[in-house]
Amino acid sequence: MPNHPDVRVRVAVPEDEAELALLDRRAWSPLHAVTPRPQPPHPPFFSDRHPPQDCLVAEDGGRLAGYTHLGSPTPVLSNRHVLQIQGLAVAEESRGRGAGRALLRAAVEEARRRGARRLTLRVLGHNTPARKLYESEGFAVEGVLPEEFLIDGRYVDDVLMGRFL
């Protein structure tokens with residue numbers, strides 16, 4: 001699926017905080033969230049673990065359409081050649097317009113730019129749209145943690161995916 005011509009990806013800036021926090025809360029769904037629905041008081045969007053420079057944002061026609069966080073899967077030096085997508089969300093009104101794919105491709109390029117050899121992610125087993133997107137961009141299932149989460153009364157697998165860069 002080609003990207004919509006109006007979708008552009010950039011590195012987040014601190015001024016994106018409020019809009020990203022709102023998008024994150026609005027995009028919450030048991031399809032991809034392992035935590036309860038966010039309730040006030042809401043924590044800051046950016047943190048020591050996810051600073052603005054590790055967040056890529058998609059804009060669709062000049063409006064914030066989604067984001068993804070890149071980070072290290074572990075703090076261990078011997079694992080520094082691997083980066084992990086630690087969250088990807090697209091605003092409902094921007095779905096199907098290429099924002100998710102653009103974010104994923106930008107994450108791959110940013111991981112390469114940072115010298116990573118691999119890019120990994122975790123996705124819930126029942127999140128078929130996300131799994132199809134990841135597979136179409138070269139990610140393969142590398143492991144499954146069966147019934148790792150209990151969400152809305154159902155046990156859900158945690159699927160580990162990755163690709164070489």
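The values are calculated or read from the model by the stated rules, or taken from the named source; none is laboratory data. Predicted, not measured: the structure shown is a model, and the values here were computed from it. As a convention, Cβ positions derive from the backbone with ideal geometry for all residues, glycine included, and neighbour counts pool all protein chains shown. Side chains included, ligands, DNA and RNA excluded: accessible areas come from the protein's heavy atoms. Shrake-Rupley method; radii C 1.70, N 1.55, O 1.52, S 1.80 Å.
When DSSP beta bridges are limited to those with both residues in the chain, what percentage is antiparallel, rounded to the nearest 5?
On the way: 31 of 35 bridges.
Close to 90 percent.
What span do the alpha-carbon atoms of the chain cover on each of the three principal axes, reported in whole Å from largest to smallest?
40, 39, 35
Does a label point 7 Å from the Cα of Glu135, set along Cα-to-beta-carbon, have any residues of the stretch 42-70 with amide nitrogen under 12 Å, and which are they?
Residues passing the 12 Å test: none.
List every DSSP H helix in the chain whose Cα atoms extend 20 Å or more along the helix's own long axis and whose mean Kyte-Doolittle hydropathy is at least -1.0.
Details: long enough: 99-113 (21 Å, -0.31).
Correct list, ordered by number: 99-113.
Per the 1.4 Å probe, what fraction of the accessible area of the stretch 1-126, in percent, lies on carbon and sulfur atoms?
On the way: 3610 of 6890 Å².
Carbon and sulfur together cover 52 percent of it.
Could you work out the relative contact order of the chain? I mean the mean sequence separation of Cα pairs under 8 Å and 6+ apart, divided by the number of residues, in percent.
Working: 296 pairs, mean separation 35.2, N = 165.
Relative CO of the chain lands at 21 percent.
What accessible area, in Å² to the nearest ten, does a 1.4 Å probe give for Arg117?
150
Select from Leu119, Phe149, Ser94 the residue farthest towards the positive end of the dipole of the chain; place +1 on Cβ of Lys and Arg, -1 on Cβ of Asp and Glu, and compute about the Cα centre.
Positive-most Cα among the choices belongs to Leu119.
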